[in-house]
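The values are calculated or read from the model by the stated rules, or taken from the named source; none is laboratory data. Just so we're clear, the structure is a prediction, and the values are computed from it rather than from any experiment. Backbone-built Cβ (ideal geometry, glycine too); neighbour counts: all protein chains shown.
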Amino acid sequence: MKNFDLIVKGNAVLPDRVLYDAVIGIRAGKIEQVLETDEGVTAGEVVDASGCYILPGAIDAHVHCYSSLDEGFATASRSAAAGGVTTIIEMPYDATGMICTEELFVEKAAKLERESVVDMALLATIHKENGLDEIPKLARAGACGFKVSMFNTDSFRFPRIDDAQLLEAFGVIAETGCPVGVHAENDEIVRRYIRKFEHQGTEDPRSHAWSRPKVAESAAALLVMELAYYTQVKLHLYHSTFPRVFELVEYYKSQGADITAETCTHYLTLSEDDMLTLHAKAKINPPLRSKSDVEELWRLIAKGQVDMITSDHAPWLLEKKTNPDIFKNSSGAPGVENLLPVIYSEGVAKGRMTILDLVRLLSENPARRFGLEDRKGKIEAGLDADLVILDPNDRYVLDESTLHSSAGWSPYNGMLHYGKIRSTYVRGTAVYNGEVVGQEGYGRFVRANHK
């Protein structure tokens, strides 16, 4: 007789197949066995999710909990729990400054363990000058990677790192085994084009998209891929918006470079024309692209040429999104609660991707890239029991007032969703069951383990 703390019954989505009517045995927060029958099995608690998918918890590899101080770990992690995200990978660009020293990193890790409902890994960054000595210290402190920007979003908290420093930093980061992720937009091109279009800021919100042309993104991506080729660093391209970037990634992969690239929920569901109705709620950097780009990204996903999908959760309050001049609004949108529901609905339910693609892009690949795969990312014996129960037969219309972010709005408001999350488990404990039941301080800092 096998006895577990908890068993969950349902259609388990494994890396290579869906095991229908599976029985997942959990003990001490870990998956102990994945069985084909419950014969001879007992447990302190039994969850019968027959007819539902049991997914590995999503890992959102692109979240800004502190770009707005109104959000923070507690609020963002509640949103994550409700959205089936069991691990957040948190960005290092906080409203109070960059996480670019070992001391600041350790303080932030301790803070998340006091406040978060779900587990979190942390990215670090480098100071724009004389910050390379901190890189090995940050890696030893458990950073899952480094984030740098080629565009000067904010000189204090989100600065541009110049090309020469990028080259030197890539070489140092390569020695740690950590990946380095890049916001790839050419600063000079964007600034010139902002000057070119800013007079239209009150006339047409799409002028924001026109001020950041595709070539600003692909040219920047091309440069860092060349740097990665020569330094042999593991490179990750954040929020890639159109197909050519992924085509260039495929070329560099064929040359032996270790490169991954992500796109985001909004680039798969919205186009620049949606700015006419959403206005600044759809102002994002890099910007939304054309409708044809949206459809082509889905085709690349089906072909296996996109490595991850993330939310780029940036939960600005509505007051930061209401200026009549599009250029005077903050960039970004809340999304950690929407990532899994929207991608399941728009992708799996509509036949654009398989359920196996979903778990690969939202769970397996982020865990592998950021050094978490020994604990996270799969339904597999020995890994953390991070699970999501999703009912594929339910449907609903998203009401932004029901979401948990401090932002209080969503670009997906009014969207019909196919499939609904019923429960979320982090290390075998329910943190969402129709309402958030996880406690602040339950979430743990997940130290990266890079091979």
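A few comments on the model shown:
- Here LEU166, LEU237 are screened, and the one residue that is touching a Gly at 6+ places or on another chain (Cβ under 9 Å), surrounded by 20 or more Cβ atoms within 10 Å (Cβ to Cβ), touching a residue at least 24 places away in the same chain (Cβ under 8 Å) and in the same structural domain as ALA333 (by TED's automatic domain parsing) is LEU237.
- Top-ranked residue of the stretch 230-266 - restricted to ones that are in a helix (DSSP H, G or I), out of contact with any helix residue (DSSP H, G or I) (no Cβ under 6 Å at 6 or more places or on another chain) and among the hydroxyl-bearing types (Ser, Thr, Tyr), ranked as nearest to HIS208 (Cα to Cα): TYR251
- Contact map, the stretch 276-294: residues that are closer than 14 Å to GLU319 by Cα paired with residues that are among the β-branched types (Val, Ile, Thr), Cβ distance under 8 Å, separation 6+ or inter-chain. Pairs shown: HIS279/ILE326; ALA280/THR322; ALA280/ILE326; LYS283/ILE326.
- Extreme residue, farthest from GLU380 (Cα to Cα), among residues of the stretch 308-337 that are touching a helix residue (DSSP H, G or I) at 6+ places or on another chain (Cβ under 6 Å) and not β-branched (Val, Ile, Thr): PHE327
- Any chance THR153 is β-branched (Val, Ile, Thr), closer than 17 Å to HIS62 by Cα and at pLDDT 95 or above: no
- Residue match in the stretch 343-360 (condition: among the aromatic types (Phe, Trp, Tyr), in a loop (DSSP other than H, G, I, E, B) and surrounded by 19 or more Cβ atoms within 10 Å (Cβ to Cβ)): no
- Scan of the stretch 398-443 for residues that are within 21 Å of ASP312 (Cα to Cα) and among the charged types (D, E, K, R), ordered by number: ASP399, GLU400
- Residue check for PHE327: surrounded by fewer than 21 Cβ atoms within 10 Å (Cβ to Cβ) and modelled with pLDDT of 95 or more: yes
- Only one of the listed residues (LEU398, LEU403, LEU416, LEU358) is hydrophobic (A, V, I, L, M, F, W, C), touching a Phe, Trp or Tyr at 6+ places or on another chain (Cβ under 7 Å) and not assigned by TED's automatic domain parsing to the domain that holds LEU237. That residue is LEU398.
- When residues in the stretch 85-111 are screened for being modelled with pLDDT under 95 and out of contact with any strand residue (DSSP E or B) (no Cβ under 9 Å at 6 or more places or on another chain), 4 of them pass.
- Only one of VAL446, VAL426, VAL397 that is surrounded by fewer than 18 Cβ atoms within 10 Å (Cβ to Cβ) and out of contact with any helix residue (DSSP H, G or I) (no Cβ under 7 Å at 6 or more places or on another chain): VAL397
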